[in-house]
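Taken together, the values in this text are just the output of simple stated rules run on the coordinates, not laboratory data. In this text, all values refer to a predicted model and were calculated from it rather than measured experimentally.
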Amino acid sequence: MAHADSGQPTPKRRLLVVDDNKDAAESMSMLLEMWGHEVAFAYDGPSALETAQRWQPEAIFLDIGLPGMDGYEVAARMRELPQAKDAVLIAITGYGQEDDRLRSRRAGIDHHLVKPVAPDALHSLIDSLQLR
């Protein structure tokens with residue numbers, strides 16, 4: 001189990017990171033693994049959907065600015081998959097306007113974080129996740 005700053009055990013989570021920037025996806029994955037979580041990653045929408053079906057993550061960190069199928073479409077499709085419909089969806093994006101946040105909510109995204117996200121804020125969010 002991972003440990004939060006409070007010293008309380010944090011449940012180990014199955015997390016999926018989706019970002020077309022390979023360095024960003026791999027760096028975030030390494031950070032999440034350091035915190036004791038199981039992590040998979042994908043670099044585009046179709047791969048993310050395939051990975052979610054096979055791997056059944058509890059939470060998905062999703063870049064919005066993906067080529068081809070953007071993160072809003074990926075989120076909406078995740079909500080249709082039996083293996084991912086209950087996952088907590090977290091946008092991690094450079095899009096931070098109110099309209100972007102509204103589009104996230106409409107697509108079924110539970111949390112909208114704007115890059116760069118401080119590791120402490122990310123850790124706190126993971127610790128507070130109420131899985132569906």
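Would you list which lysines come within 16 Å of K115, measuring only between C-alpha atoms, while excluding same-chain residues fewer than 8 positions from it?
By straight Cα distance, K115 reaches K22.
Using Cα positions and a limit of under 22 Å, work out the lysines in reach of K85, with same-chain residues fewer than 8 apart set aside.
Counting by Cα, and skipping residues close in sequence, K85 has these lysines nearby: K12.
Quickly estimate the mean residue ellipticity at 222 nm for the chain, helices only: each DSSP H run with n ≥ 4 gives -39500 (n - 2.57), and the total goes over all residues, rounded to 500.
Only helices count here, giving -11500 deg cm²/dmol.
Starting from the Cα gyration tensor of the range 12-126, take the square roots of the eigenvalues, sort them a ≥ b ≥ c, and report rounded, prolate or oblate (rounded when a/c is under 1.5, otherwise prolate if a/b is larger than b/c, else oblate). Numbers along the way, then the final one.
Details: a/c = 1.38, a/b = 1.08, b/c = 1.28.
Rounded is the answer for the range 12-126, as its axis ratio a/c remains below 1.5.
Along the range 82-94, what does the Karplus equation 6.51 cos²θ - 1.76 cosθ + 1.60 (θ = phi - 60°) give for ³J(HN,Hα), rounded to whole Hz, x for Gly and Pro?
Per-residue couplings from phi come out as x, 7, 10, 4, 9, 5, 7, 9, 10, 6, 10, 8, x Hz.
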